[in-house]
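Visitor: My questions will all concern the structure given below.
The numbers here are math on the coordinates, done by the rules we state, and not lab data. The structure presented is a predicted model; accordingly, all values stated were derived computationally and were not measured. Positions of Cβ are backbone-derived with ideal geometry, glycine not excepted, and every protein chain shown enters the neighbour counts.
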Amino acid sequence: MKALIQRVRHASVTVDDRETGAIDHGLLALIGVEKGDDEQSVERLLHKLLHYRVFSDPDGKMNLNLQQAEGSLLLVSQFTLAADTRKGLRPGFSSAAPPAEGQRLFEALVERARAAWPKVATGEFGADMQVALVNDGPVTFLLES
């Protein structure tokens, strides 16, 4: 599993003019599920999402994680993160998990995230989503499980 995380001041997801999730201070995590990902991948990625230190401490250093910073987490499925872009000028998606498996693992991630942290919002799996954000920093990292 992959997560492109961005530290945000605000982020929201809209589907068909309906806001499905929104957060203020926290992390926007775009989630890609690849073939071979499993429950252990979900657990490893969730641990990183909750514990990766990207928020500033009182000295201005990135020493605080999401929970220590009391931030929120917005999880958005994005299968294009699993694209193979090494050759040519068009992405290949042969490394992406099949849709049913991607949805199962994404929903497992959401469920476990909500059990571990009360401030979790989501997009809608497989939907045409509009994502708006104010990146804080900017701070962006690619996490892999």
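Visitor: Among the strands (runs of 3 or more DSSP E) lying completely within the stretch 52-145, list those that include at least 1 residues that are loosely packed, with under 15 Cβ neighbours inside 10 Å and aromatic (Phe, Trp, Tyr).
Guide: Values: elements: 62-64, 72-77, 120-122, 130-144.
Here the list reads 130-144.
Visitor: Hey, Ala3 hits all of (1) surrounded by fewer than 19 Cβ atoms within 10 Å (Cβ to Cβ); (2) part of a strand (DSSP E or B); (3) not β-branched (Val, Ile, Thr) but one; which does it fall short on?
Guide: Checking Ala3 against (1) surrounded by fewer than 19 Cβ atoms within 10 Å (Cβ to Cβ); (2) part of a strand (DSSP E or B); (3) not β-branched (Val, Ile, Thr), the one that fails is (1).
Visitor: Something else about it: Please specify each residue of the stretch 56-84 satisfying the condition of being closer than 17 Å to Ala3 by Cα and of a type in the set (A, V, I, L, M, F, W, C).
Guide: Matches in the stretch 56-84: Leu66, Leu73, Leu74, Leu75, Val76, Phe79, Leu81, Ala82, Ala83.
Visitor: Tell me which residues, restricted to the stretch 43-96, are of a type in the set (Asp, Glu) and more than 18 Å from the chain's Cα centre (by Cα). Please lay out each step first, then the result.
Guide: As a first pass, look at the stretch 43-96 and keep what is of a type in the set (Asp, Glu): 43, 57, 59, 70, 84.
Across the stretch 43-96, the qualifying residues are Asp57, Asp59, Asp84.
Visitor: Continuing with this model, one more query. Can you pull out every residue in the stretch 19-43 that is of a type in the set (Gly, Ala, Ser), exposed (fewer than 15 other Cβ atoms within 10 Å of the Cβ) and in a strand (DSSP E or B)? Steps first, answer last, please.
Guide: At the first step, the residues of the stretch 19-43 found to be of a type in the set (Gly, Ala, Ser) are 21-22, 26, 29, 32, 36, 41.
Applying the additional criterion that residues be exposed (fewer than 15 other Cβ atoms within 10 Å of the Cβ) yields 22, 36.
Scanning the stretch 19-43 gives a single hit, Ala22.
Visitor: State yes or no: is Asp37 in contact (Cβ under 8 Å) with a residue 12 or more places away in the chain, within 19 Å of Gly123 (Cβ to Cβ) and touching a His at 6+ places or on another chain (Cβ under 6 Å)? Even if it seems obvious, please write down each step before you answer.
Guide: On the way: in contact (Cβ under 8 Å) with a residue 12 or more places away in the chain: yes; within 19 Å of Gly123 (Cβ to Cβ): yes; touching a His at 6+ places or on another chain (Cβ under 6 Å): no.
No.
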